[in-house]
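Just passing along the structure, written as structure tokens.
Rule-based calculations on the coordinates, nothing more; no lab input. From a predicted model like this one, the values you see are computed outputs, not experimental measurements. Heads up, the Cβs are rebuilt from the backbone with ideal geometry, glycines too, and the neighbour counts pull from every protein chain shown.
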Amino acid sequence: RGAFMIYGKRNYLRKVKLGIALVVERSGAEVTLRVVPSAKAEAYEDRIVLVPGRIKKSTLIRTVLRYMKKLSKERSLKLFTTADQLHRDLPTGGFHVLECRGIFGGLRIDE
């Protein structure tokens, strides 16, 4: 009872790059942060590519939102993303910042 077997050939995917990206979607003066697979990040000018690492999710979200709020005041943009949305969209665990492009060029996140 409760045991099962799976028969057949196993297809393991090896050396697959694991990553996601935080990207900026703009609509006029409105700015939204979205989480997309890292393969789609190349389509966005403003992006942060993330891989598994040691930076806590809460630290990453706090730093990125603080940076975006400062930037939105300087450039008179309206930010439509909350910390709760990013907490829900990002996977659990830690992160390492692989690259920062576009408006995120000046962002520094300490581990």
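Among Ser76, Ser58, rank each residue by its count of other Cβ atoms within 10 Å, from fewest to most, as a rough exposure measure.
With the sparsest Cβ surroundings first, the list reads Ser76, Ser58.
Using the structure shown, select from Lys15/Lys78; Lys15/Lys69; Lys57/Lys78 the pairs with a Cα to Cα distance greater than 30 angstrom.
Lys15/Lys78; Lys15/Lys69
Separate question: If you line up the long axis of helix 57-74 against the longest principal axis of the chain, both from Cα atoms, how many degrees apart are they, to the nearest 10?
Result, in degrees: 30.
May I ask you to list the aspartates and glutamates whose Cα is less than 13 Å away from that of Lys56, ignoring any residue fewer than eight positions away on the same chain?
Hits, sequence-local ones excluded: Asp110, Glu111.
Now for a different question. Taking the Cα atoms of the range 20-106 alone, what are Rg (to one decimal) and Dmax (as a whole number) in Å?
Rg and Dmax of the range 20-106, Cα atoms, are 12.1, 35 Å.
Using per-residue counts of other Cβ atoms within 10 Å, averaged over each peptide, order 12-22, 46-56 from highest down.
Numbers: 12-22: 11.7, 46-56: 17.3.
Ranking the peptides 12-22, 46-56 by packing returns 46-56, 12-22.
Using the Cα centre of the chain as the reference point, and only Cβ charges (+1 on K/R, -1 on D/E), how large is the resulting charge dipole? Debye, rounded to the nearest 20.
Computed charge dipole of the chain: roughly 440 debye.
Taking every pair of alpha-carbon atoms in the range 1-64, what share in percent sits in each 10 Å bin, from 0 to the bin with the longest distance?
16, 34, 22, 16, 10, 2
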